[in-house]
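K.L.:
First the structure, which I've put down as structure tokens, then a few questions once you've had a look.
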Amino acid sequence: MFRHTTLRYATLALLLAGALFQALTAGYFGLEILTEILILAMLVLALDIVAGFGGMVSLCHGALMGVGAYAFTILSTSAGIAPPIAMGGAVALSGAIAWIIGAICSRSHGIYFIMATLAFGQMAYSYVFEAPIFGGDDGLSGIRRLDLSLIGLNLNDSRTFALFCLVLLGAVYGAAVLILRSGLGRSFSGVMHNEQRMRALGLTVWRVKADVFGLSGMIAGLAGTLAAQHIMYISPGLLTWTVSGEALVVVILGGLGTLVGPLVGAAAFVVLKHEISGITPYWHLAVGLILIGVVMSRSNGIFGWIEKRWGARLDRRLADATRSQDQKEVTTDA
Amino acid sequence: MAHDLGFWVLQALNALQLSMLLFLLSIGLTVIFGLMHFVNLAHGSLYAMGAYVAASLAAVGGYWMGFFLAPVAVAGVGVLLYSGLIRRMRRAGPMAQVLVTFGLIFALLDLTRIIWGDLALAIDVPASLSGRLTLLGIEYPVYRLFIIALGVAIFATLAFVLGRTQIGAMIRAGVDNDCMAACLGINVERLFFIVFCVGCGLAGLSGAVAAPLLSVTPDMGLQILIPTLIVIVIGGLGSLRGAIAGSLIYGFVQTFGAVLAPQLASVLIYALLAAVLVIKPVGLFPAKG
């Protein structure tokens, strides 16, 4: 089950402070990067729920995000539905698709699961690429952002939009923690550790997997609707499997199954990408080498590494404290 | 739809040619997976590297120099990869392997861009294989027939080596149960190494063969990777029969899908893959029963 440690609270507080500081002080370019980080963070949060706590390493989350983005665009432009309802519809649709994918793939494990989700992701990609209503290779434009003038907010301002994304990310993080702490989330982790035992306990394993995968898909879809509103233009490139691969890379760089780690990873990844592409056009090379290094080091990403070191120190301090307490008791007894 | 015989022959040849190209790529990947339980996503990058090496060598010493030396060069890259990375990742889980080789895709992609630049390279079909041949009333490029023949030849060779020789028996034993094979005195580690290098060499060969048909670009490895993975997952991991069956299924579904139902073609193959995974989660002809 997911627990908050002191270190996790501290990291969250630091990230929040950093994001708020950036949102209130940065210029246009800094705000764009911040929004990019926030949207990516939402996607990798969705991926970490299924990959880190249920062992469902999905390579279709990029496609689910794309489904959210396309559904939002079609509903709010061609169908003429009000953007808030379109957002809800897009989230529901990507959740439903994710539920079906999760149900179908619940029987496969390991590399077969990765391949199966890859196939579904590519299926969505090819469909969007070919079907005329999605604009094919050219993509779709003319997307409008949510109108929040009722409560005095103008989302077309990049600062407000970044803060809006931050609030949504916070809500999604809270929802993720709630999901993982609920009975469903605990059963989900149980299935990862011992599927047979959970089945023997009377659990319908495929339902649990499909339900959590569907919830994760809803989060990915929400990230998609935000991505569409951020760039105000979408193309099939959103759905390619390399997007899902990159999301997986971010989860691993940050720390799988820690929920906080992937947020750190998202920030590190986007900043790194922009810094390196400022120096050289070959930023893929650097990211590839860093990824190989992190995986070869056998530690659980950046945050996992910190947690391990911090955790060891904390354990030692606790052990010291109990030992001195024991000695005190001995002296009082005497 | 009324199509004459020539149409069907032409499309069947196209499908066969695509199948053979995929077979050359997937057989290396599938045997590496079956034997080592290692997922090498960077296999497509090795194919791209083969195409680039072949294109460079062809500019210097003609097509055949590229054809024969590119597999050797890529096998050499395979040796480096094996001793540097793969051997250490052997005992790691599938996710770590997927990620390391994903990182490798990134790194190799940019390395090819640094060495050969972003522009597409072209390489000419050799004079002896250019021109067309009349076959059952249709004209077909000789070079494509050459690819089909090469695929069949490689398939026959591998079927002979794997099925009839001692080293083939050792490889099959290793795929079946590597611990038991090691107990029987087979040096499984060395076997892995040989199979990995041969697989890389075959990837290089298919790159060299594909280079005159397609333009040689840095992302050609990424484009071929998904079809190759589909082939080995449909066919079942680790078996020669699975690789050839998967390649033929992919080639025919893709080619005939594209001409008979263009709107559905791209979705069709993924739907087929999903169906196979649902009905037979380990593929049609897995190496292990």
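K.L.:
Answer with yes or no whether A:L140 is farther than 26 Å from A:A63 by Cβ and either within 13 Å of chain B (Cβ to nearest Cβ) or at pLDDT below 90 (or both).
P.N.:
no
K.L.:
Identify the single condition in (1) in contact with a Phe, Trp or Tyr (Cβ under 7 Å, 6 or more places away or on another chain); (2) in contact (Cβ under 8 Å) with a residue 24 or more places away in the chain; (3) crowded, with 19+ Cβ neighbours inside 10 Å; (4) part of a helix (DSSP H, G or I) that B:L273 does not satisfy, given that it satisfies every other one.
P.N.:
(1)
K.L.:
Here's a follow-up. Of all residues in the stretch A:54-86, count the ones that are of a type in the set (A, V, I, L, M), more than 18 Å from the chain's Cα centre (by Cα) and within 18 Å of A:I231 (Cβ to Cβ).
P.N.:
Initially, the stretch A:54-86 is screened for residues of a type in the set (A, V, I, L, M), giving A:56-57, A:59, A:63-65, A:67, A:69, A:71, A:74-75, A:79, A:81-82, A:85-86.
Cutting the leftovers down to more than 18 Å from the chain's Cα centre (by Cα) gives us A:71, A:74-75, A:79, A:81-82, A:85-86.
When the remaining residues are screened for being within 18 Å of A:I231 (Cβ to Cβ), the result is A:71, A:74-75, A:86.
So the answer is 4.
K.L.:
Only one residue in B:G137, B:G174, B:G168, B:G185 is more than 14 Å from chain A (Cβ to nearest Cβ) and crowded, with 18+ Cβ neighbours inside 10 Å. Which one? Break it down stepwise before answering.
P.N.:
Details: B:G137 fails: crowded, with 18+ Cβ neighbours inside 10 Å; B:G168 fails: crowded, with 18+ Cβ neighbours inside 10 Å; B:G185 fails: crowded, with 18+ Cβ neighbours inside 10 Å.
Answer to the selection: B:G174.
K.L.:
Sticking with this structure for a sec: Taking B:V278 as the residue in question, decide whether it is assigned to a helix (DSSP H, G or I) and without any contact (Cβ under 8 Å) to a residue 24 or more places away in the chain.
P.N.:
Details: assigned to a helix (DSSP H, G or I): yes; without any contact (Cβ under 8 Å) to a residue 24 or more places away in the chain: yes.
Considered against the rule, which asks whether it is assigned to a helix (DSSP H, G or I) and without any contact (Cβ under 8 Å) to a residue 24 or more places away in the chain, B:V278 comes out as yes.
K.L.:
So which residues in the stretch B:104-136 are aliphatic (A, V, I, L, M) and within 18 Å of B:V60 (Cα to Cα), if there are any at all? Let's see the steps before the verdict.
P.N.:
Going through the stretch B:104-136, the residues aliphatic (A, V, I, L, M) turn out to be B:104-105, B:107-109, B:111, B:114-115, B:119-123, B:125, B:127, B:129, B:133, B:135-136.
If the condition is that a residue be aliphatic (A, V, I, L, M) and within 18 Å of B:V60 (Cα to Cα), then B:I115, B:A120, B:L121, B:A122, B:I123, B:V125, B:A127 are the ones that fit.
K.L.:
What number of residues within the stretch B:60-71 satisfy the criterion of being assigned to a helix (DSSP H, G or I) and over 16 Å from the mean Cα position of the chain (by Cα)? Before you say what the answer is, go through the steps one by one.
P.N.:
First, the residues of the stretch B:60-71 that are assigned to a helix (DSSP H, G or I): B:60-61, B:63-71.
So of that shortlist, the ones also over 16 Å from the mean Cα position of the chain (by Cα) come out as B:60-61, B:63-66, B:68-69.
The qualifying residues number 8.
K.L.:
Still on this model: Answer with yes or no whether A:L153 is part of a loop (DSSP other than H, G, I, E, B), surrounded by fewer than 19 Cβ atoms within 10 Å (Cβ to Cβ) and more than 14 Å from chain B (Cβ to nearest Cβ). I'd like the intermediate steps shown before the answer.
P.N.:
Numbers: part of a loop (DSSP other than H, G, I, E, B): yes; surrounded by fewer than 19 Cβ atoms within 10 Å (Cβ to Cβ): yes; more than 14 Å from chain B (Cβ to nearest Cβ): yes.
Taking the combined requirement at face value, the residue satisfies it.
K.L.:
Still on this structure, I have one more. Among the numbered criteria (1) at pLDDT 85 or above; (2) over 30 Å from B:V175 (Cβ atoms); (3) of a type outside the set (S, T, Y), which single criterion is violated by B:A245?
P.N.:
B:A245 satisfies every listed condition except (2).
K.L.:
Here is a further query. With the stretch B:134-242 as the region, which helices (runs of 4 or more DSSP H) entirely inside it contain at least 3 residues that are under 14 Å from B:T30 (Cα atoms) and not basic (K, R)? Write out each step before concluding.
P.N.:
On the way: elements: B:142-164, B:166-176, B:178-183, B:188-210, B:220-235.
Correct list: B:142-164, B:166-176, B:188-210, B:220-235.
K.L.:
Let me ask something additional. Residue by residue through the stretch B:72-124, note down the ones that are away from chain A (no Cβ under 11 Å), closer than 18 Å to B:L222 by Cα, outside any helix (DSSP H, G or I) and in contact (Cβ under 8 Å) with a residue 24 or more places away in the chain.
P.N.:
Correct list: B:A120, B:L121.
K.L.:
Taking into account only those residues within the stretch B:234-289 that are away from chain A (no Cβ under 11 Å) and basic (K, R), which is nearest to A:I114 (Cα to Cα)?
P.N.:
If we take residues in the stretch B:234-289 being away from chain A (no Cβ under 11 Å) and basic (K, R), then B:K288 is nearest to A:I114 (Cα to Cα).
K.L.:
What's the number of the only condition in (1) modelled with pLDDT under 85; (2) surrounded by fewer than 24 Cβ atoms within 10 Å (Cβ to Cβ); (3) closer than 27 Å to B:Q97 by Cα; (4) aliphatic (A, V, I, L, M) that B:A59 fails to meet?
P.N.:
(3)
The values are calculated or read from the model by the stated rules, or taken from the named source; none is laboratory data. On a predicted model such as this, the values are computed, not experimentally measured, just so you know. Note that we place each Cβ from the backbone using ideal geometry, even for glycine, and neighbour counts take in every protein chain shown.
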